[in-house]
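What follows is calculated from the coordinates using simple rules that are stated; it is not laboratory data. In this text, all values refer to a predicted model and were calculated from it rather than measured experimentally. When we count neighbours, we look across all protein chains shown, and the Cβ atoms used for this are built from the backbone with ideal geometry, even at glycine.
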Amino acid sequence: MNDSDNPYAPPASELPLVAELVVTDGGLSIDYELVLEDIVKWNLVLHRVSPATRRSHRLIRILCGAAALLFALLAVAGWPHTASFLFGSMMLAVMAVVWPAIFRWRAGAMIRNVFREGKNLSVLGARRLTLTPQYVMYSSPITQAVTRWLGIERILVEPDAIYIMSSSTSAFIVPRRALADEAQFQRFAETATQFHAQSNA
């Protein structure tokens, strides 16, 4: 069998793989290519929606704000090196405001660097995701996973992708570009949401 006969063979070009939804036994199936930026976006979304990460960001911002206020009070009180206290207060206040953006930039850079250390064939490349009323089936040329809907934590629909979360830290990623248009994107999201809701009814 040559590559042209293999539905999982990598595309000949680097252009995004876009496939029509295929209806199978009351479910949906989609073929697409998962790339590094999809993984980066997922991790940034995860940090944004995670209660633990939000608490951590809130604590850092509170500490920076409290330290900035303390420095400002020391400067007003006339302590030595007033200019240094004022400068420190301003810098900490700025840090409290821009910290989330700094975190996203650093996290994205770190994820890209980590993934460049290996081939990551089980994570990147051609994928097929099939939704049926009973299962989520996820496969690639070298991996395969079948998960009952009861094992899915939640369906997270974002502007750039649909995330079918199999745990609080992992997800089956369906990038928006994998679907031909907005109608297909919404249909896929609604079907996943419906199947998930039925399993928890």
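Could you go through segment 145-162 in sequence order and give the Karplus-derived ³J(HN,Hα) for each residue, using 6.51 cos²θ - 1.76 cosθ + 1.60 with θ = phi - 60°, rounded to whole Hz, and x for Gly and Pro?
Result, rounded to whole Hz: 9, 10, 10, 5, 4, 4, x, 8, 6, 6, 10, 10, 9, 10, x, 9, 6, 10.
Going by average Cβ density within 10 Å per residue, which order do the peptides 137-146, 153-162, 38-47, 171-180 take, highest to lowest? Present the calculation step by step, with values, prior to reporting the outcome.
Working: 137-146: 14.2, 153-162: 15.9, 38-47: 18.2, 171-180: 20.4.
Averaged packing, sorted descending, gives the order 171-180, 38-47, 153-162, 137-146.
Name the long-range amide H neighbours of Glu158: under 5 Å, sequence gap of 5 or more, or other chain; modelled H, no Pro or chain starts.
For Glu158, the qualifying residues are Tyr163.
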